[in-house]
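In what follows, a structure is listed as structure tokens, so that the remarks can point back to it.
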Amino acid sequence: VAAVEATRGGGNVTPGLGGAEPRAGRCSLVLTGFMGAGKTTTARILADTLGVEAVDTDALLEARFGRPVPRIFEQEGEAAFRAAEEQVVTEVLERSGPPAVVALGGGAVESERVQAALAGHLVVLLEVDAPTAWARAAGDRPLARDRAAFEARMARREPLYERLADAVVPPLPVTALPALAPALAFLRDHAPGGTRLVWAHSGSGDYPVLAGRGLLGGAWPVPGRRFVISDETVARLYPRAVPDPAAVLAIAPGEAHKSLATAEMVWRALAREGMTGADHLVALGGGVVGDLAGFAAATYRRGVPVVQVPTTLVAQVDSALGGKTGVDLPEGKNYVGAYHQPAAVLVDPATLETLPAPELAAGWAEVVKTALIAGGPLWSRVSDGVLDDDVILACARVKLAVVAQDERDSGRRQVLNLGHTVGHAIETATGYERYRHGEAVGLGLLAALRLSGRDALRDEVAALLGARGLPTALAPALEADELVALTARDKKRRGAAPVPFVLVDAPGRVAHGHAVDDGDLRAAVRELGAT
Ligand SMILES: NC(=O)c1ccc[n+]([C@@H]2O[C@H](COP(=O)([O-])OP(=O)(O)OC[C@H]3O[C@@H](n4cnc5c(N)ncnc54)[C@H](O)[C@@H]3O)[C@@H](O)[C@H]2O)c1
């Protein structure tokens, strides 16, 4: 059983963390995105919330020409419109004066002059999906008359929007927009240059995910006293990651300590340390700390906020995001828990430099899983073996996008369990000791690809896992019958129905809820070396 150790403040300066300069100067928030993304409305709401001016470059163009945009287009042609737009936009971006919130015409980013002028500002991409954009723009805009051309233009611009964005915001209800303002202001004024923000949206709460090197050890985005929960290894390595903590509770590292016994010690230590509802927890560590601290936050005094600070690859691409928290029972993994969305997630990829290679490899299995779910550019990069800061953030976005659709696992979120049904059975059969979670998930992915009948993809994934030293076969062998029986105890099972599997048609085409025959399952785990 873990010892909980409480210390206050102090510690040595952590090499590699903190000290990076925030973005210089008085930059504006510049909203980009395709037609129909809601740039004008969002700019007005953010500007009101921040008490600054809202500037709409399309409105400025209309004022300059004395005509609405569609008429300028019709009468002057697109080229003349773009030239005037470039002029107006660069004037706005290069003017001196107090920072504003600027709604940029959707096509302005295609100008190289505009791109250069954006470098001095905080660029916020408002995402919109093609059907919504079309529904909002069709008919009354000159470039929204032919649907195929509209969607082709959108696809062409997408990589440009992505490349320029410091912050990415998914489609949000208008009432959820004001909460963005302080997070964007924090990113602009306090986060190290180069930090990016992804806004997480879900049914029970929205929060910023901030990702960048040098993010830890600097300013803190959430008000209130900070009670840090970490494990002994991470607390020793990163004593200054969280500024001025009210207390640091360090549990013993390892899955064995993601238990109710540890949770009780944490609750009691927090009570002794005088933590109140005005304070928040900080989960500084891997998925074990994140799940346990998140669970403690969901339950201590019926719920306090938690900031997740993931320091393993597993946690940065997966466990710190989406609000699932909990502990294991001897009878089953993650059997007791709660949904509790974080108040913020701070990802500093520099922390991975101290992560032992097998832990990094375990995270790679989750990266491969996420890329299989996403398909597209992420799969292309991951299938080339690339793991960098962009891949980490892209994986985080895939997870957030799934959670935004289905926070509570009733539908789409189940795709995130790709590889997990067999993975969890392997972990349970080996008492959580033989395999890391990610290693078991890697094996589970191979079983899922066999069950999907995707032999070539299974070989490709086995090679990707093997290249980073992950196991592609069980050693020592487990009993196939035991693994099949354990999958039937999976949490995803509802009532007496067979446990549903997530299967893969192709990268990017993954579906949940498949019934799988016991015989097929036995064959898939035998292929992993089960007897
Ligand atoms: N909540 C979710 O949605 C979700 C999703 C996936 C996994 N999980 C859970 O996450 C857990 C696994 O997480 P994990 O793989 O991060 O394991 P972990 O938390 O046990 O961390 C692995 C090891 O790395 C050490 N460590 C952490 N950060 C370090 C750093 N920067 N440098 C050096 N050492 C460091 C830890 O002390 C530990 O020994 C499992 O319990 C799993 O169920 C939860």
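FYI, it's all coordinate maths here, none of it is from the lab. Worth saying up front: this structure is predicted, and the values here are computed from it rather than measured. Cβ coordinates were reconstructed from backbone atoms using ideal geometry, including for glycine residues, and neighbour counts include every protein chain displayed.
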### Query
How about the stretch 406-437: which of its residues are in a helix (DSSP H, G or I), touching a Ser or Thr at 6+ places or on another chain (Cβ under 9 Å) and of a type outside the set (Val, Ile, Thr)?
Leu416, His424, Ala425, His437
### Task
Give me a count of the residues in the stretch 173-200 that are of a type in the set (A, V, I, L, M, F, W, C), in a loop (DSSP other than H, G, I, E, B) and within 24 Å of Asp318 (Cα to Cα).
2
### Message
Restricting to the stretch 445-471, and then to whatever is touching a residue at least 40 places away in the same chain (Cβ under 8 Å) and part of a loop (DSSP other than H, G, I, E, B), can you tell me which residue is farthest from Pro507 (Cα to Cα)?
### Response
Gly469
### Task
Kindly list the number of the only condition in (1) within 11 Å of the ligand (Cβ to nearest atom); (2) over 28 Å from Arg240 (Cβ atoms) that fails for Thr312.
(2)
### Message
Just checking, does the stretch 254-265 include any residue being near the ligand (Cβ under 10 Å from one of its atoms) and either over 28 Å from Thr421 (Cα atoms) or free of Cβ contacts under 8 Å to residues at least 60 places away in the same chain (or both)?
### Response
yes
### Task
Quickly run through the stretch 166-200 and pick out the residues that are out of contact with any strand residue (DSSP E or B) (no Cβ under 7 Å at 6 or more places or on another chain) and among the aliphatic types (A, V, I, L, M).
Leu172, Val174, Ala176, Leu177, Ala179, Ala181, Ala185
### Query
On the given criteria, is Glu353 of a type in the set (Asp, Glu), within 15 Å of the ligand (Cβ to nearest atom), in contact (Cβ under 8 Å) with a residue 60 or more places away in the chain and surrounded by fewer than 19 Cβ atoms within 10 Å (Cβ to Cβ)?
yes
### Identity of the residue in the stretch 226-250, farther than 11 Å from Leu284 by Cβ and of a type in the set (A, V, I, L, M), that ends up farthest from the ligand (Cβ to nearest atom)
Ala246
#### Entry: Entirely in the stretch 20-116, the helices (runs of 4 or more DSSP H) that have 2 or more residues that are touching a strand residue (DSSP E or B) at 6+ places or on another chain (Cβ under 6 Å) and surrounded by fewer than 20 Cβ atoms within 10 Å (Cβ to Cβ)
39-50
